[in-house]
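The values are calculated or read from the model by the stated rules, or taken from the named source; none is laboratory data. Note that the structure is predicted; figures quoted are calculated from it, not measured. Quick reminder, even Gly has a Cβ in these numbers, built from the backbone with ideal geometry, and neighbours come from all protein chains shown.
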Amino acid sequence: MGNKDHYLRTPIDAAQLEDLRLDDIVYLTGRLFTIRDWSHQRIAQLLEKGEKEKIPFDLRGMGILHSGPIVADQEGGGWKAVSVGATSSSRFSPFIPPLVRDLHPGILVGKGHLDEGIVKDLVREKCPFLQAVGGCAALYASQIKRIVNRYWPEFGMVDAVWEFEVEDFGPLSVEIDLQGNTSYRLFRSGELLKNLNRVYEEAGLDKGADYVWWPRVLPGSKDAFDYATKIEKG
Amino acid sequence: MKVIQADLLGKVSSLMLHHASKVLPPGVERAIRKAAEEEPKPKGKAYLQAMVRNMEVSRQRGVPLCQDTGVPMFYIDLPPGLAIEGDVRAVLEEATRKATRDAPLRQQVTHPLTNVNSGDNVGWGAPPIFVNYNNRIDYLELLAVPRGGGAEIKSSAVVPIPGAPKESTILKTVLDAVAMAGGENCSPNIVGVAVGGFGIDFTEYLARKAIYREPLNSRHEDPQVADLEERLFRAVNDLGIGPLGVGGKTTCLGLHMEIAGCHSAVFPIAVSFYCWSARYSRARIYPDARVEFVTHPELNKEFSHGK
């Protein structure tokens with residue numbers, strides 16, 4: 001485990017990324033691009049169609065932030081960052097492998113976890129996943145020196161791609177490093193499991209008990225069709 | 001019958017929504033600062049310290065604490081013998097538009113089928129307004145909540161088997177919900193729990209509204225409920241999830257439970273979360289139209305000058 005501080009500058013030097021260890025703290029200076037639901041989807045579609053040249057920004061070696069920011073118009077033109085924090089990244093997992101493979105960003109910054117299945121893609125493409133402290137959007141916005149550009153304005157303020165010039169943007173903690181370690185897996189299968197077992201035992205709870213009458217499975221989930229058509233094992 | 005003018009409600013709500021997005025209720029801020037001081041784990045402590053700095057930067061710069069200023073929710077508790085004259089929905093919509101411009105809040109409200117964004121957080125029934133007839137108060141109580149999405153989506157409700165052991169079922173349901181969220185609901189949270197009530201939307205309403213109980217982490221007047229609250233509060237913190245699931249001793253800042261009469265075969269349990277940035281604003285409007293801002297007393301002066 002790390003807990004070392006790193007100061008990175010875009011375009012990020014690949015060798016520096018190799019030094020990052022789980023739980024190290026990173027501060028980023030340079031260019032940071034926001035990506036959210038609609039822009040992630042459009043990037044994935046363009047790459048799938050082989051139309052990379054239609055993507056109007058170059059992410060190579062840059063930072064990506066999963067965020068739908070609050071941005072205000074500035075008098076005399078341009079914009080200023082009001083509140084900029086990370087949004088939950090897990091929902092973007094399917095869009096990430098093609099993006100890192102074809103656009104080669106330096107680091108991916110978000111919140112929460114990514115699906116375990118894409119860790120190998122991040123490791124292969126040398127793009128670690130970092131977490132910004134959730135809810136600290138006033139703090140992070142104060143580290144944005146300038147808004148350089150806005151792409152895909154038709155998505156609206158929240159889903160447009162914003163290009164920020166940032167200085168010592170952080171703290172960002174390393175959650176997936178280039179050794180393929182993930183803090184999510186370590187915590188959930190380690191400390192949380194241990195604590196849950198202890199707390200349930202102290203409370204006299206059977207962790208395998210099934211007290212739920214409804215919903216048996218969630219409508220709209222992959223299990224619903226089987227539930228509706230098969231007899232439950234008693 | 002005394003009457004309060006809807007316009008007054010509108011002016012008060014706009015200020016409340018605006019300030020709720022930027023300044024946490026004092027009890028929540030104190031709880032975060034205390035957690036930051038007491039956290040022994042370095043990463044958890046660094047996270048909590050960033051939260052403290054965020055509260056300070058937000059205050060200095062006058063900007064929203066979190067970019068997800070959410071969908072505004074309004075709760076009105078009406079005492080006996082007091083009525084509101086005028087178009088409450090219209091004034092609360094206007095209050096939302098004004099706060100969205102002035103704060104500014106994120107343009108959040110979209111049509112659920114077309115993704116068209118109204119641009120002012122009003123539209124297609126938003127903002128939601130909940131009215132409760134409350135005969136235990138003699139003033140109108142107003143609650144304005146800029147409620148973000150990250151904690152809301154991890155809220156849940158289930159209906160247990162009628163014969164299931166009550167306490168074990170409640171304890172397991174709440175602990176499972178907290179563990180499943182694993183801090184990605186921007187912990188440390190305020191956890192609201194409700195047991196009973198009918199239909200299930202009422203159970204969820206009670207759980208969500210329980211979040212805003214003051215003082216933070218105070219206990220229910222029913223000793224049986226208070227006992228469950230205390231045990232759950234300790235158990236949740238014993239999970240060690242800490243801020244954002246990075247590990248630490250504070251997973252919840254407070255846990256509040258409500259109960260309500262229910263169908264004899266249907267006792268729903270709802271669990272609702274609020275992120276550490278537990279933004280809400282509470283005010284009282286007395287029958288003589290006097291306004292008292294409870295969570296944001298700094299507004300008392302501003303309001304008496306501004307009107």
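Here the condition is being under 26 Å from residue B:105 (Cα atoms), touching a Phe, Trp or Tyr at 6+ places or on another chain (Cβ under 6 Å) and at pLDDT 95 or above; of A:150, A:91, it holds for A:150 alone. Within the stretch A:81-117, the residues that satisfy the criterion of being farther than 19 Å from residue A:152 by Cα, within 9 Å of chain B (Cβ to nearest Cβ) and touching a Pro at 6+ places or on another chain (Cβ under 9 Å) are A:82, A:83, A:85. Does residue B:4 qualify as being more than 22 Å from residue A:132 (Cβ to Cβ) and either touching a residue at least 60 places away in the same chain (Cβ under 8 Å) or acidic (Asp, Glu) (or both)? So residue B:4 passes the test. Looking across the stretch A:129-183 at every residue that is part of a strand (DSSP E or B) and at the interface with chain B (Cβ under 8 Å from one of its Cβ atoms), the one that is surrounded by the most Cβ atoms within 10 Å (Cβ to Cβ) is identified as A:131. Does residue A:122 fit the bill of being part of a strand (DSSP E or B), more than 14 Å from chain B (Cβ to nearest Cβ) and either touching a strand residue (DSSP E or B) at 6+ places or on another chain (Cβ under 8 Å) or of a type in the set (Asp, Glu) (or both)? Considered against the rule, which asks whether it is part of a strand (DSSP E or B), more than 14 Å from chain B (Cβ to nearest Cβ) and either touching a strand residue (DSSP E or B) at 6+ places or on another chain (Cβ under 8 Å) or of a type in the set (Asp, Glu) (or both), residue A:122 comes out as no. Looking only at the stretch A:195-206, decide whether some residue is among the hydroxyl-bearing types (Ser, Thr, Tyr), surrounded by 12 or more Cβ atoms within 10 Å (Cβ to Cβ) and part of a helix (DSSP H, G or I). Yes, the stretch A:195-206 contains at least one residue that is among the hydroxyl-bearing types (Ser, Thr, Tyr), surrounded by 12 or more Cβ atoms within 10 Å (Cβ to Cβ) and part of a helix (DSSP H, G or I).
Selection of first residues in the stretch A:62-80 that are more than 21 Å from residue A:106 (Cβ to Cβ) and within 13 Å of another protein chain (Cβ to nearest Cβ) and of second residues that are basic (Lys, Arg) and not in a strand (DSSP E or B), restricted to Cβ pairs under 8 Å at least 6 apart or on distinct chains, gives the following pairs, ordered by first then second residue: A:68/A:36; A:68/B:106; A:70/B:106. Taking the numbered list (1) closer than 28 Å to residue A:144 by Cα; (2) surrounded by 19 or more Cβ atoms within 10 Å (Cβ to Cβ) in turn, residue B:62 passes all entries but (2). The single condition among (1) within 12 Å of chain A (Cβ to nearest Cβ); (2) over 25 Å from residue B:132 (Cα atoms) that residue B:21 does not satisfy is (2). Scanning the stretch A:46-63 for residues that are closer than 15 Å to residue A:8 by Cα and assigned to a loop (DSSP other than H, G, I, E, B) yields A:60, A:61, A:62. Does residue B:47 qualify as being at the interface with chain A (Cβ under 9 Å from one of its Cβ atoms) and aromatic (Phe, Trp, Tyr)? Answer is yes for this residue. Residues in the stretch B:208-257 that are in contact (Cβ under 8 Å) with a residue 60 or more places away in the chain and among the aromatic types (Phe, Trp, Tyr): B:212 alone. When the stretch A:184-206 is filtered for residues that are polar (S, T, N, Q) and facing another protein chain (nearest Cβ under 7 Å), only A:195 remains.
Would you confirm whether any residue within the stretch B:189-206 is buried (at least 24 other Cβ atoms within 10 Å of the Cβ) and touching a Lys or Arg at 6+ places or on another chain (Cβ under 7 Å)? Checked the stretch B:189-206: at least one residue is buried (at least 24 other Cβ atoms within 10 Å of the Cβ) and touching a Lys or Arg at 6+ places or on another chain (Cβ under 7 Å).
Regarding the stretch B:252-271, can at least one residue be identified that is closer than 26 Å to residue A:135 by Cβ and among the hydroxyl-bearing types (Ser, Thr, Tyr)? No, every residue in the stretch B:252-271 fails to be closer than 26 Å to residue A:135 by Cβ and among the hydroxyl-bearing types (Ser, Thr, Tyr). Within the stretch B:226-243, being under 19 Å from the mean Cα position of the chain (by Cα) and of a type in the set (Asp, Glu) holds for one residue alone: B:229.
Between B:99, B:103, B:144, B:90, which is buried (at least 16 other Cβ atoms within 10 Å of the Cβ) and more than 14 Å from chain A (Cβ to nearest Cβ)?
Among B:99, B:103, B:144, B:90, only B:144 is buried (at least 16 other Cβ atoms within 10 Å of the Cβ) and more than 14 Å from chain A (Cβ to nearest Cβ).
When every residue of the stretch B:238-255 is checked against the conditions, none turns out to be closer than 26 Å to residue B:83 by Cα, touching a helix residue (DSSP H, G or I) at 6+ places or on another chain (Cβ under 9 Å), of a type outside the set (Gly, Ala, Ser) and not assigned by TED's automatic domain parsing to the domain that holds residue B:130.
Considering the stretch A:33-60, and only residues there that are away from chain B (no Cβ under 14 Å) and more than 16 Å from residue A:97 (Cα to Cα), the residue that is surrounded by the fewest Cβ atoms within 10 Å (Cβ to Cβ) turns out to be A:53.
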